[in-house]
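Worksheet for the structure shown next.
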Amino acid sequence: MNSIPVIVLAGFLGSGKTTVLNHLLGNRGGTRIGVVVNDFGSIEVDAMSVAGQVGDSMVSLGGGCLCCAVDGSELDAYLEKLADPVHRIDVIVIEASGLAEPEEMVRMLVANENPAVRYGGMVQIVDAAEFDATRAKHPETDRHLAVADLVVLNKTDRIDAAERTRIEGALAALCAPGIPVVGADHGRIDPELLFDRRPWTETRGQLSFEDLLAHAHDHADGHDGDGDDHSGHVHAAYASTEFVSEQALGPRRFIEFLDRRPAGLYRIKGSVHFGVPGHEERYEVQAVGRFLRFAPHPWGRGEPRLTQLVLIGSGTDGPALLRELESCREPEPWRAGPESMWGVLRYVDRPAAQEPEPGPEPEPDADPEDF
């Protein structure tokens, strides 16, 4: 069973965390989301009430989504509840306000020993219109930004281009090198930047959270004042680049590519075939901003040994990314020594579920290539 990614949404009061959260819930497709909040007030109560209570401090959002109201001491217990296979949850999103300091929450998640869940990255929401005031009132803002994997600069519709450029420059200095900054208004970001959005596979008989939000958008003026619902067009701001290779990738060269990936590259997902002796399994890769994780899995019976990647970003040069990935190809992976995988293994949380099958041995007179 694959572990469930747990994504932390952080940001100070008024930054738009709950707006982002509700947008993710309203545009999730068939993805089943588990939500952890301080209280149910941050979720659309009217939509939430369609399915009623399912247990103490847990509410069904419809369509398979569940919401927990917890305090910090209860977090592990509710993660365990949400990860119960009976719920078939695909991703868990924690709204960090009031629960704990984002840094402490990240430590808790990284240290969590429940194999059913894994840390999936921390997203910091920033109010563009109140950026300076927030930093003055909350000096810890800088510390939070320093540990973020992805920054959402929200309410960009309330500032001009020059101010946005100034704030983005300040964020670049406050965040770790290469942290992506995604612009948004009214919390509208593409859910695909954070998790895989599944297609609908169930008949929508009973109204779900997403049904109700879609219905509301069709019959309301909306927040923009023009009556248009732009939520379905968020993806237009991003570009997707796909890479497939039948040839193995050199692990060192691939890690170098990831280390120098541009800040506009918000997400990478897929699987990589390295083919290094002792590491012939399929390595699932997930990157949200600068957060990076590899997870080794055995190949399925008859499954072709391929690298298949999807790269999502804004302002990125797709052909240039493909050229860089092409340069990562390795025609003779069996010549590589196990040390070539050290960079990849740094980002593996747990060992593979089973031992890989042995690969072909190098020729006796061949030295392992150090690449």
Using a 1.4 Å probe on heavy atoms of the protein chains only, the accessible area for Arg260 in Å², nearest 10, reads 130 Å²
Taking only protein heavy atoms and a 1.4 Å probe, the highest-to-lowest accessible-area order of Lys155, Lys17, Lys81 is Lys81, Lys155, Lys17
Accessible-area order for Met341, Met108, largest to smallest, probe 1.4 angstrom, reads Met108, Met341
Ignoring ligands and nucleic acids, Trp334 exposes an accessible area, probe 1.4 Å, in Å² to the nearest 10, of 80 Å²
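Roll a 1.4 Å probe over the protein chains and send me the accessible area per residue for segment 76-145 in Å².
About 44 Å² of surface per residue is accessible.
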In terms of the alpha carbon gyration tensor, root eigenvalues a ≥ b ≥ c, rounded if a/c is under 1.5 and otherwise prolate when a/b exceeds b/c or oblate, segment 235-340 is prolate
Listed by chain and number, the lysines with an alpha carbon less than 20 angstrom from that of Lys155, same-chain partners under 8 positions apart left out, are Lys17, Lys137
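The values are calculated or read from the model by the stated rules, or taken from the named source; none is laboratory data. Here the structure is a predicted model, which is why all the values come from computation and not from measurement. Accessible surface areas use protein heavy atoms only, side chains included; no ligands, DNA or RNA. Shrake-Rupley method; radii C 1.70, N 1.55, O 1.52, S 1.80 Å.
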